[in-house]
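Encoded as structure tokens, the structure appears first; notes follow it.
The values are calculated or read from the model by the stated rules, or taken from the named source; none is laboratory data. The model shown is predicted, which means the values in this text are computed figures rather than measured ones. Positions of Cβ are generated from backbone atoms using ideal geometry, with glycine treated the same way; all protein chains shown enter the neighbour counts. Surface accessibility is based on the protein's heavy atoms, side chains included, excluding ligands, DNA and RNA. Shrake-Rupley method; radii C 1.70, N 1.55, O 1.52, S 1.80 Å.
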Amino acid sequence: CVKWCNARSQMEGLTACYYQSPVLNLVYIKDEIDLGTNYVKWTANGYRLPTEAEWEKAARGARQGRRFPWGDTIQHARANYLSTSSHTYDTSPTQGYHTNFAVMPLPFTSPVGSFPANGYGLHDMAGNVWEWCWDWYGSYAANYQVDPRGPGTGTSRIQRGGSWMGAANTASSSYRSFAAPTNTGNMVGFRCVRRP
């Protein structure tokens, strides 16, 4: 994901964000390196993964204190997720996978823009695919009071937003998941951010 962010930055003539060492002199374009926070040029104007704090703020779309970007209940009219009767706030009249997208072969992903945008004009911040965040997995409260970029090292990176295969609780704006950075699958994706 970060190599793709660098490639997109270079293609658009922007300064890359990710480097092969803390010296920040060689753009990360090959090999497999577990990048530390100090391998990132945070002031660059290129593309990068959002931090977990940035992702959650973007997902909420200016609606703080709500379970989802639009409010406290979820339905298939708002997101692509696996509806079940396990959560009282899952009020979808249809159960199971989203009927508009549950067509073989897998995955049952939906095209971007299939659902209304949130308060910031962003689509699919709940459901569809898990989104990688920059941060190494750690205690959210402990790390974000001190460092909005999360822990300096770790073995798993944060994923947020839920997926087409996840139940309503995983699509909430506050739900956190994690996986090894090498994890791939048909329910995992990413979105890029950049400085204005």
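For the reader, a short list of remarks on this structure follows.
- Where a residue in the stretch 61-78 is under 13 Å from D90 (Cα atoms) and modelled with pLDDT of 95 or more and its partner, wherever it lies, is aliphatic (A, V, I, L, M) and part of a loop (DSSP other than H, G, I, E, B), with Cβ under 9 Å and at least six apart: F68/A79; F68/M125; F68/A126; I74/A126; R78/A126
- Condition met for W4 (open to solvent by 30 Å² or more (accessible area, probe 1.4 Å) and not in a loop (DSSP other than H, G, I, E, B)): yes
- Filter result for D147 (over 22 Å from R78 (Cβ atoms), of a type in the set (D, E, K, R) and either at pLDDT 95 or above or out of contact with any strand residue (DSSP E or B) (no Cβ under 9 Å at 6 or more places or on another chain) (or both)): yes
- Residue-level check: of (1) under 16 Å from G162 (Cα atoms); (2) in a loop (DSSP other than H, G, I, E, B); (3) within 18 Å of the chain's Cα centre (by Cα), A58 misses just (2).
- Leading residue by the ranking (least open to solvent (accessible area, probe 1.4 Å)) among those in the stretch 25-41 that are farther than 18 Å from F190 by Cβ and not polar (S, T, N, Q): G36
- The set of residues from the stretch 37-55 being out of contact with any helix residue (DSSP H, G or I) (no Cβ under 7 Å at 6 or more places or on another chain) and part of a loop (DSSP other than H, G, I, E, B) comprises K41, W42, T43, A44, N45, T51.
- Residue within the stretch 135-142 that is modelled with pLDDT of 90 or more, out of contact with any Lys or Arg (no Cβ under 8 Å at 6 or more places or on another chain) and not acidic (D, E) present: no
- Residue within the stretch 108-115 that is closer than 18 Å to K57 by Cα and open to solvent by 30 Å² or more (accessible area, probe 1.4 Å) present: no
- Criterion (crowded, with 17+ Cβ neighbours inside 10 Å, at negative phi and not aliphatic (A, V, I, L, M)) met by exactly one of F101, F178: F178
- Test for R66: is it surrounded by fewer than 17 Cβ atoms within 10 Å (Cβ to Cβ), in a loop (DSSP other than H, G, I, E, B) and of a type outside the set (D, E): yes
- Taking the stretch 69-90 as the range and being within 19 Å of the chain's Cα centre (by Cα) and either more than 22 Å from L122 (Cβ to Cβ) or in a loop (DSSP other than H, G, I, E, B) (or both) as the test, the residues that pass are P69, W70, R78, A79, Y81, L82.
Yes or no, residue by residue, for (1) without any contact (Cβ under 8 Å) to a residue 60 or more places away in the chain; (2) surrounded by 16 or more Cβ atoms within 10 Å (Cβ to Cβ):
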| residue | (1), (2) |
| --- | --- |
| E12 | yes, no |
| V23 | yes, no |
| T43 | no, no |
| E54 | no, yes |
| A59 | no, yes |
| D90 | no, yes |
